[in-house]
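Participant: Before I ask anything, here is the structure I am working with.
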Amino acid sequence: MDKLSFAGLMLGLVAIIGGQILEGGHVSSLVQPTALLIVLGGTMGAVLLQCPFHVFKRGMQMAKWVWVPPVIEQKRTIDQILQWSQLSRREGLLVLENYLPGIKDDFTRKGLQLLVDGAEPERIRELLEVDVDTYEDEWRQSAKVWESAGGYSPTIGILGAVMGLIHVMENLSDPTKLGPGIAVAFVATIYGVGLANLIYLPIAGKLKYYISRMVAAREMMIDGLVGIAVGDNPRIIESRLKGYLR
């Protein structure tokens, strides 16, 4: 559980609501279901129009990473690669074929299979890097769902405010409704800007961070497999792979 994400969200909300109270305002004046409906519905509609549904769906599913980060076991990967390196130096590359049935990750299994089949080191790197590029692009496209929402939300908020002002202008004959009407109109702008900068964009940034780590883990695997293919000393491989740790 990423407690820092929870603390950051709570701090932002407390600061905004606390500021409203200190200014002498009422919290209830920030609660406008109509404005929230306009901003959330308009933003979601724009995002759905921009991307295919499977990308949108995966982007929504990735949001859980903000609270429960994906497991990226870099140290375990290094230990695994070092074990393969030591075995291959003693008994040859074919001994690594015994490990293939127990590998669940398709990328790792593919790389190890290429190694066992005796593929040239540069060929191994070339083939696996294509997979990494595709993998990174797919995840980043999904993360952009949140980034796009952060771009659309403020504009939709302004749209909601203009709609509210139009409603106010229609009631100019009743001065008692002007003040509350204008206040309600600008709540939509608060929702649009607040959701973008407090939720959507921070989520997008955190997802990109985890994606970069996931990609680095695969690049580390490529580097280790190529090191085994060229016959590097296990200590050299270990030293190089530790440079990926962060």
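The values are calculated or read from the model by the stated rules, or taken from the named source; none is laboratory data. Quick caveat: nothing in here was measured; it's all calculated off a predicted structure. Note that we place each Cβ from the backbone using ideal geometry, even for glycine, and neighbour counts take in every protein chain shown. Heavy atoms of the whole protein, side chains included, go into the accessibility calculation; ligands, DNA and RNA do not. Shrake-Rupley method; radii C 1.70, N 1.55, O 1.52, S 1.80 Å.
Participant: With +1 on each Lys and Arg Cβ and -1 on each Asp and Glu Cβ, how big is the dipole of the stretch 78-223 about its Cα centre, in debye rounded to the nearest 20?
Facilitator: That gives a dipole near 520 debye.
Participant: So what's the back-of-envelope 222 nm ellipticity for the chain, counting only DSSP H runs of four-plus at -39500 (n - 2.57) apiece and dividing by all residues, rounded to 500? Walk me through the numbers on the way to the answer.
Facilitator: Numbers: 9 runs with 182 residues, N = 246.
One gets -25500 deg cm²/dmol as the mean residue ellipticity at 222 nm.
Participant: Sort out for me the Cα centre separation of the stretch 93-119 from the stretch 171-231, rounded to whole Å.
Facilitator: Centre-to-centre (Cα) distance: 38 Å.
Participant: In Å, what is the Rg of the alpha-carbon atoms in the stretch 61-140, and how long is Dmax?
Facilitator: Rg and Dmax of the stretch 61-140, Cα atoms, are 15.0, 45 Å.
Participant: If you roll a 1.4 Å probe over the chain with all protein chains in place, what percent of the accessible area is carbon or sulfur?
Facilitator: Carbon and sulfur together cover 62 percent of it.
Participant: In addition: Pick from 188, 143, 119 the residue whose mean-square fluctuation is largest in a GNM of the chain, springs joining Cα atoms under 10 Å.
Facilitator: Fluctuation is largest for 119.
Participant: Here's something else I'd like to know. Give me the one-decimal Kirkwood hydrodynamic radius in Å for the stretch 138-235, with the sum taken over alpha-carbon pairs.
Facilitator: 17.0 Å
Participant: Related question: If one puts a single equal scatterer on every Cα of the chain and applies the Debye formula without solvent, what log₁₀ I(q)/I(0) results at q = 0.10, 0.12, 0.16 Å⁻¹?
Facilitator: Cα-only, vacuum Debye calculation for the chain: -0.65, -0.79, -1.10.
Participant: Placing unit charges on C-beta atoms (Lys and Arg positive, Asp and Glu negative, everything else neutral), compute the dipole magnitude of the chain about its Cα centre in debye, rounded to 20.
Facilitator: Dipole about the Cα centre, nearest 20: 540 debye.
Participant: Something else: Would you be so kind as to identify which of 42, 150, 26 lies farthest towards the positive end of the dipole of the stretch 24-168, taking Lys and Arg as +1 and Asp and Glu as -1 on Cβ and the Cα centre as origin?
Facilitator: Highest projection toward the positive end goes to 26.
Participant: For the stretch 1-56, treating each Cα as an identical point scatterer without solvent, what Debye log10 I(q)/I(0) comes out at q = 0.16 1/Å?
Facilitator: Summing over Cα pairs of the stretch 1-56 leads to -0.79.
Participant: Within straight cross-link reach of residue 57, meaning Cα distance under 23 Å, which lysines are found once same-chain residues fewer than 8 apart are removed?
Facilitator: Candidates past the 8-residue exclusion: 144, 206, 208.
Participant: Another question, then. Put +1 on the Cβ of each Lys and Arg and -1 on the Cβ of each Asp and Glu in the stretch 60-139; which of 82, 135, 119 then has its Cα farthest toward the positive end of the dipole?
Facilitator: About the Cα centre, the residue reaching furthest to the positive side is 82.
Participant: Sticking with this structure for a sec: Across every pair of different alpha-carbon atoms, what Kirkwood hydrodynamic radius in Å does the stretch 1-143 reach?
Facilitator: Across the stretch 1-143, the inverse of the average 1/r is 20.3 Å.
Participant: Next up: Which residue, 129, 91, 73, has the most motion in a Gaussian network model of the chain that connects Cα atoms within less than 10 Å?
Facilitator: 91
Participant: Starting from the Cα of residue 75, draw a straight line to each of the lysines and keep only those under 16 Å, dropping any in the same chain fewer than 8 residues away.
Facilitator: 242
Participant: Also: Quick one: accessible area per residue over the chain, 1.4 Å probe, rounded to a whole number of Å²? It would help to have the intermediate numbers written out before the result.
Facilitator: Working: 14120 Å² over 246 residues.
Per-residue value: 57 Å².
Participant: Using +1 at the C-beta of Lys and Arg and -1 at the C-beta of Asp and Glu, which of 107, 220, 160 has the Cα lying farthest in the positive direction of the dipole of the stretch 92-237?
Facilitator: My answer, from the dipole projection, is 160.
Participant: Still on this model: How much of the calculated P(r) for the stretch 28-99 lies past 18 Å, in percent of all Cα pairs?
Facilitator: 69 percent
Participant: Also, I was wondering about something else. Taking a quarter of the surface of the Cα convex hull of the stretch 140-194, what do you get in nm²?
Facilitator: Average projection, Cα convex hull of the stretch 140-194: 3.6 nm².
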